[in-house]
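To start, the structure itself, in structure tokens.
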Amino acid sequence: MLNAADHHEFKGRQKTREMFKIKSTYRWGIFCVFVCLIVFAGSNDCRAEGITEDKNLTSPEFWISVTGNADKQILDTEQIISFNKDIRGKSHSVVDLTSISDKSDIKDVFKRLSNTNILKKDMYMEGSLFPAEAKNALRNELDLEDFSGKGGIRYGIVVRRANIRSLPMKEGLFDKADDIFFDDLQETSADPSEPVIILHESRSKKFLYVQMYNCSGWVDSSDVAVTDRKTWLEYACPEKFLAVTARSLYLPSGNEKVLYQMGSRILIKQKYPSAFIVRIPCRNADGGMFEKDCIILISDDSVHDGYLSYTRSNIIKQCFKYYGADYGWGGLMDSEDCSGFLNDVYRVFGIYLPRNSGQQADTAGQRTEFGEYCADTRQNIIEEKLSAGDALFMKGHVMIYLGTIGGSPYVIHSLGSHTVHASDGSRNKIRIMKVVVSDLSLRTWAGLKFIDAITNSVSFR
């Protein structure tokens, strides 16, 4: 996930209303059609070209039907384990948490903790400029004066969906006074049952600095329970677990219901003919962990016993479970941004990708470069080399390819906004903030069509 300023801009969907009722006579019908053509011809600069609500093109069954070998397994379990090693070898942002010990690189941790470059620019909180004294207080909260790592690491389990922050602060900081979506401090979100390594604690002890499998940052202390390494390993390397296949699943945890999002894992305690008893991590008053049991029916299609089979048809099905969902920068709004969407879909199969789109574009897999090719050549490359479920990358954005219909490639993606360019040279940013299906005719702020802005594709195999 890149800074909001790097995100490509998109154009919003607008519903067109029926302008006239066609009367019974042929002459009146022709007249009405003629008037409609005139009206729409004069409004080409503001219509939502590129985003579709066509019943076929927004149906997973349709895309599965036009995908060759849709049910063929792409990688088996052992191949996925090997592929995850390739990802960690190619992308240093993805780590094997089980290999981190008390002798972890303290210098690297200190470097990450002390990076406050983001505070050098002007930012806004609740519409007002974030003052210098507040920035200094935030730097002080890092508590780095005597940092040496002598306390060693601790092992934690996330107990509710938690925001991972670049600095120890809950409130959002934004580049613009009127922005409410693109919080500069938001790195990602972690689901319940997610194992983390605790590397540091803030001065007030309200925040913990943690490492998860593909991101590090500050998390509210109340969202993480501390446990011993043996119990932690049961979450980090579970033998029996349910993978959440629904877009979201809410389960009881004490006096609250906690959100498990697509791709998260829930440990199985016992399996019966009609139900699973699962283990839900909870945090007690002193920060330690305890577990509660929860029943999930075997017939519940929100979960799957272990990872899903890695097939094109399953990728498509999982993608469309997010169709129409809100865009959530860094996992805010209990949803996902473009790279988080890609992550959630692939976690269901046991594939653990880097967090941000730029990192995902450079990770392991079969990569195709688009270079300086013209749009027609790019279209041919997409049709000939890509399969449904492969990722298409632009600077700051990632889309999941569905297929090509009538010569037009289609994608599904979590869309922030894009830009309408009028014939008079003016341009208008239109907020979408949804997961949509579109072709590649949408334009960036600079005026490029998406198809011309693509840098590369990756097939994760």
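A few notes on this one:
- Where a residue in the range 365-376 is touching a residue at least 60 places away in the same chain (Cβ under 8 Å) and its partner, wherever it lies, is outside any strand (DSSP E or B) and polar (S, T, N, Q), with Cβ under 7 Å and at least six apart: Phe370/Thr455
- When residues of the range 71-90 are limited to those that are of a type in the set (A, V, I, L, M, F, W, C) and out of contact with any Gly (no Cβ under 7 Å at 6 or more places or on another chain), the one surrounded by the fewest Cβ atoms within 10 Å (Cβ to Cβ): Ile81
- Some residue of the range 94-107 being acidic (Asp, Glu), farther than 30 Å from Asp183 by Cα and modelled with pLDDT under 95: yes
- Whichever residue in the range 149-180 is crowded, with 16+ Cβ neighbours inside 10 Å and of a type in the set (D, E, K, R) and, among such residues, is farthest from Asn214 (Cα to Cα): Asp179
- Residues in the range 110-141 that are closer than 16 Å to Arg165 by Cβ, of a type in the set (D, E, K, R) and in contact (Cβ under 8 Å) with a residue 40 or more places away in the chain: 2 in all.
- Any chance Gly217 is under 25 Å from Cys282 (Cβ atoms) and out of contact with any strand residue (DSSP E or B) (no Cβ under 8 Å at 6 or more places or on another chain): no
- Scanning the range 141-174 for residues that are over 26 Å from Tyr260 (Cα atoms) and part of a strand (DSSP E or B) returns a single hit, Phe174.
- Scanning the range 348-359 for residues that are under 11 Å from the mean Cα position of the chain (by Cα) and of a type outside the set (A, V, I, L, M) yields a count of 4.
- The range 311-328: number of residues that are part of a helix (DSSP H, G or I) and of a type in the set (A, V, I, L, M): 2
- If you go through the range 90-131 and keep only what is of a type in the set (Gly, Ala, Ser) and either out of contact with any helix residue (DSSP H, G or I) (no Cβ under 7 Å at 6 or more places or on another chain) or more than 30 Å from Ala364 (Cβ to Cβ) (or both), you end up with Ser99, Ser101, Ser104, Ser114, Gly127, Ser128.
- Leu251 touching a strand residue (DSSP E or B) at 6+ places or on another chain (Cβ under 8 Å), buried (at least 22 other Cβ atoms within 10 Å of the Cβ) and without any contact (Cβ under 8 Å) to a residue 60 or more places away in the chain: no
- Here Ser93 passes the criteria (1) surrounded by fewer than 16 Cβ atoms within 10 Å (Cβ to Cβ); (2) in a loop (DSSP other than H, G, I, E, B) except the one numbered (1).
- The residues in the range 54-70 that are surrounded by fewer than 11 Cβ atoms within 10 Å (Cβ to Cβ) and over 18 Å from Asp439 (Cα atoms) can be counted, and the count is 1.
- Hey, Gly331 closer than 27 Å to Glu171 by Cα and either of a type outside the set (Asp, Glu) or assigned to a loop (DSSP other than H, G, I, E, B) (or both) or not: yes
- Selection from the range 360-406 of residues that are crowded, with 17+ Cβ neighbours inside 10 Å, over 18 Å from the mean Cα position of the chain (by Cα) and over 23 Å from Asn84 (Cα atoms): Phe370, Arg378, Gln379, Ile381, Ile382, Gly403, Thr404
- Enumeration of residues in the range 424-461 that are exposed (fewer than 15 other Cβ atoms within 10 Å of the Cβ) and of a type in the set (A, V, I, L, M): Ala446
- Scan the range 229-257 for residues that are outside any strand (DSSP E or B) and on the phi < 0 side of the Ramachandran plot and the total you get is 16.
- Pairs with Cβ under 6 Å, 6+ apart, first in the range 86-109 and over 18 Å from Pro354 (Cβ atoms), second modelled with pLDDT under 80: Ile106/Gly149
- Top-ranked residue in the range 113-137 [being of a type in the set (Gly, Ala, Ser) and more than 13 Å from Asp175 (Cβ to Cβ); ranked as surrounded by the most Cβ atoms within 10 Å (Cβ to Cβ)]: Ala134
- Yes/no for Phe110 being in the same structural domain as Gly156 (by TED's automatic domain parsing) and either surrounded by 13 or more Cβ atoms within 10 Å (Cβ to Cβ) or farther than 27 Å from Phe182 by Cα (or both): yes
- Test: residue in the range 291-299 that is in contact (Cβ under 8 Å) with a residue 60 or more places away in the chain and out of contact with any Phe, Trp or Tyr (no Cβ under 7 Å at 6 or more places or on another chain): no
The values are calculated or read from the model by the stated rules, or taken from the named source; none is laboratory data. Everything quoted here is computed from the prediction, not taken from an experiment. Neighbour counts are summed over all protein chains in view; Cβ atoms, including those assigned to glycine, are modelled from backbone coordinates with ideal geometry.
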